[in-house]
Amino acid sequence: MSVETEPSRATVTGRLPLGVYLLAFSLFAMGSAEFLLAGVLPAIADDLDISLSAAGALISAFAVGVVVGGPPLAILTLRWPRRTTLITTQAIFAAALAVGLVTDDYATLLVTRFVCGLAYAGYWAVAAVTAISLVAPDRAARASGVVVSGLSLAMIAGGPAGALLSYFTGWRGGFWGVAALTAVGAVLTLVAVPTTGGDRRPSVRRELTTMRRPQLWAVYAATILSTAAYMISFNGATTVSAFQLGISLVPALAGTALNAGASITAVCWIGAALAVAMIPTVLADRAIGHRCRA
């Protein structure tokens, strides 16, 4: 017999519940599929006999799924127990990924990438809220930082590791690894993440009304621009490793600043400082490239 209860919040200084780290692990697993694809595009294009630009559309399909699926899924699952939502989105993600891997049809693969994006957006939205609900208010920033670090690890480790695996096993190998890790994450979520009820008084109108705040749209704009910048850099820059290092530092530095009492604007300044610090690396890379071509 299952009883929906609110989880006890961690109050021990310096420690976070295991569930927070499991959420980060699952985000790492699912997020690796996002960055892995960029490393195997030529192999996919050769295997499916399509152009490189058509293979690149698989990245766009995933991104569109994230954009389209995020807000609606966040609203539709308001009444669902959070753990149920997490496991459901993980199951859909793994299933869609598997379907795409057993087909040689480009259109089917494109659709499965879109569905993966939908499920990924749904998981991401609920995971962030769940992490905060598992800890005391003074640990909310740290819990959020740990969960976001799963995506950072996916960028600096998961994607490259998957691409390396695909090099030896064919481009599908890395994605099978992602599907397996996602399945493991779903089982661990079922076992270790406490059961929680959905919003006791869900209101679509309240959610939409909140979006009318100008401050939120400023954050949305900054997020869109920064995300576009790092995705362009990830897919085309030769200084990816330095850039990934900078991205991985943001959650840790932001969490430290927020725990120390800094305002939310400190996160923006941290991001800006890291961006400025990257400029010399980019200029040096260009200078070396020009010398090599000369």
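The values are calculated or read from the model by the stated rules, or taken from the named source; none is laboratory data. Remember, it's a predicted structure, so these values are computed and weren't measured experimentally. We place every Cβ from the backbone using ideal geometry, glycine too, and count neighbours over all the protein chains shown.
Being within 15 Å of LEU36 (Cβ to Cβ) and either modelled with pLDDT under 75 or in contact with a Phe, Trp or Tyr (Cβ under 8 Å, 6 or more places away or on another chain) (or both) is the filter here, so list the residues in segment 57-75 that pass it.
Scanning segment 57-75 gives ALA61, PHE62.
Yes or no, residue by residue, for (1) surrounded by fewer than 23 Cβ atoms within 10 Å (Cβ to Cβ); (2) in contact (Cβ under 8 Å) with a residue 24 or more places away in the chain; (3) not aromatic (Phe, Trp, Tyr):
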residue	(1), (2), (3)
ILE156	yes, yes, yes
GLY159	no, yes, yes
TYR167	yes, no, no
GLY170	yes, yes, yes
GLY174	no, yes, yes
THR182	no, yes, yes
GLY185	no, yes, yes
LEU188	yes, yes, yes
THR195	yes, yes, yes
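Taking segment 147-199 as the range and being of a type in the set (Val, Ile, Thr) and either more than 14 Å from the chain's Cα centre (by Cα) or farther than 20 Å from ALA121 by Cβ (or both) as the test, the residues that pass are ILE156, THR169, VAL184, VAL187, THR189, VAL191, VAL193, THR195, THR196. Residues of segment 121-138 that are touching a helix residue (DSSP H, G or I) at 6+ places or on another chain (Cβ under 8 Å) and closer than 12 Å to PRO17 by Cα: THR130, ALA131, ILE132, SER133, LEU134, VAL135.
Pairing each residue of segment 68-79 that is touching a residue at least 60 places away in the same chain (Cβ under 8 Å) with any residue that is buried (at least 18 other Cβ atoms within 10 Å of the Cβ) and among the β-branched types (Val, Ile, Thr), provided the two are 6+ apart or on different chains, yields C-beta distances under 7 Å for THR77/THR85; THR77/VAL126. Just so you know, in segment 129-138 the residues that are modelled with pLDDT of 80 or more and part of a helix (DSSP H, G or I) include one that is farthest from ALA33 (Cα to Cα), and it is SER133. Among the residues of segment 10-65, those identified as farther than 26 Å from SER144 by Cβ and among the charged types (D, E, K, R) are ASP46, ASP47, ASP49.
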